[in-house]
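Remarks on the structure that follows.
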Amino acid sequence: WRRSARRLEAEIIRDTILLMSGNIDLTHYGKGTLNERSNRRSIYFTVKRGQLIPLLKLFDAPDAMQGIATREQSTVAPQALALLNAPLIREYATQFAARVRATNETPIEQVITSTYELALSRSATADEIQTMNQFIQSQTEKRGGDAHAEQLAVRDFCHLVLCMNEFIYID
């Protein structure tokens, strides 16, 4: 009656974060790359033993040296820490925030609703809207008189959503 939550594969996590930021390059075919900052889908990474992509490796990307029927899945603290602290993820969160809040006139409630709909494919509940609104207000207040305080607070909110279990796990 209850299936355990299953984490998305490393490539899907990366591709979904790229999609949320609005930067994914969906071009088919072509040469692969070793550049982890590439906006192409993860399937186009060239696998080289000495130059593996750290984020994909952390989330159990397959070992290219051997063929196995199933992929190992681990859940360890460095995975969450990488999403929280990686500058590249923060950059994608900034772009995601710009995507959901195109102008400063967009109400925060609409930003929260749009973020939930895009990232989690569901509407935010009234309780979630209230909690996240308080979070954004708190982050804005912590930045004091910064002219971009609310914009940075929305970025923090988008980063938080990208780090949520609901974003990374299938229930």
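Below 15 Å, Cα to Cα, which aspartates and glutamates can Lys48 reach? Residues fewer than 8 away in the same chain don't count.
List returned: Glu36, Asp63.
Quick one: which residues, 5+ away or cross-chain, put their amide H under 5 Å from the amide H of Thr33? H built at 1.01 Å from N.
Phe45, Thr46
Ignoring chymotrypsin sites (Phe, Trp or Tyr not before Pro) that are buried or in helix or strand per DSSP, and keeping those with at most 14 other beta carbon atoms within 10 Å, what is the longest stretch of the chain between them?
30-171
Hey, with R₀ at 30 Å, roughly what FRET efficiency would Lys142 and Leu8 work out to, going by the Cβ-Cβ distance, to 0.05?
The pair Lys142/Leu8 has a calculated efficiency of 0.40.
Which percent of the accessible area of the stretch 24-171 is formed by carbon and sulfur heavy atoms (probe 1.4 angstrom)?
Carbon with sulfur: 53 percent of the solvent-accessible area.
What 222 nm value per residue comes from the helices of the chain, counting each DSSP H run with n ≥ 4 as -39,500 (n - 2.57) and dividing by all residues, nearest 500 deg cm²/dmol?
The helix contribution divided over the chain gives -15500 deg cm²/dmol.
What does the accessible area per residue of the chain come to in Å², with a 1.4 Å probe and no ligands, DNA or RNA counted?
Computed with neighbouring chains in place, this is 61 Å² per residue.
Need the C-alpha centroid separation for the stretch 53-101 versus the stretch 145-171, integer Å.
So the two Cα centres are separated by 16 Å.
Place +1 on the Cβ of every Lys and Arg and -1 on the Cβ of every Asp and Glu in the chain, take the dipole about the Cα centre, and give the residue among Ile17, Phe135, Met65 whose Cα lies farthest towards its positive end.
Met65
Using +1 at the Cβ of each Lys and Arg and -1 at the Cβ of each Asp and Glu in the stretch 16-121, identify which of Leu120, Ser42, Leu52 lies farthest towards the dipole's positive end.
Leu52
Please work out which option in (i) 1.19; (ii) 1.07; (iii) 1.13 gives Cα Rg over 2.2 N^0.38 Å calculated from these coordinates, and answer with its label.
Given (i) 1.19; (ii) 1.07; (iii) 1.13, the calculated one carries the label (iii).
Once amide H atoms are placed 1.01 Å from N in the peptide plane, what residues at a sequence separation of 5 or more from Arg7, or on another chain, have their amide H within under 5 Å of its amide H?
Ile170
First check a/c for the stretch 26-97, with a ≥ b ≥ c the square roots of the eigenvalues of its C-alpha gyration tensor; if it is under 1.5, answer rounded, and if not, answer prolate when a/b is larger than b/c or oblate otherwise.
Because a/c hits 1.5 or more and a/b fails to exceed b/c, the stretch 26-97 counts as oblate.
Give me, ordered by chain and number, the residues 5 or more places off Arg40 or on other chains with an amide H under 5 Å from its own placed amide H.
For Arg40, the qualifying residues are Asp25.
The values are calculated or read from the model by the stated rules, or taken from the named source; none is laboratory data. Being a predicted model, the structure only gives us computed values, none of them experimental. Backbone-built Cβ (ideal geometry, glycine too); neighbour counts: all protein chains shown. Calculation scope for accessible area: heavy atoms of the full protein, side chains included, ligands and nucleic acids excluded. Shrake-Rupley method; radii C 1.70, N 1.55, O 1.52, S 1.80 Å.
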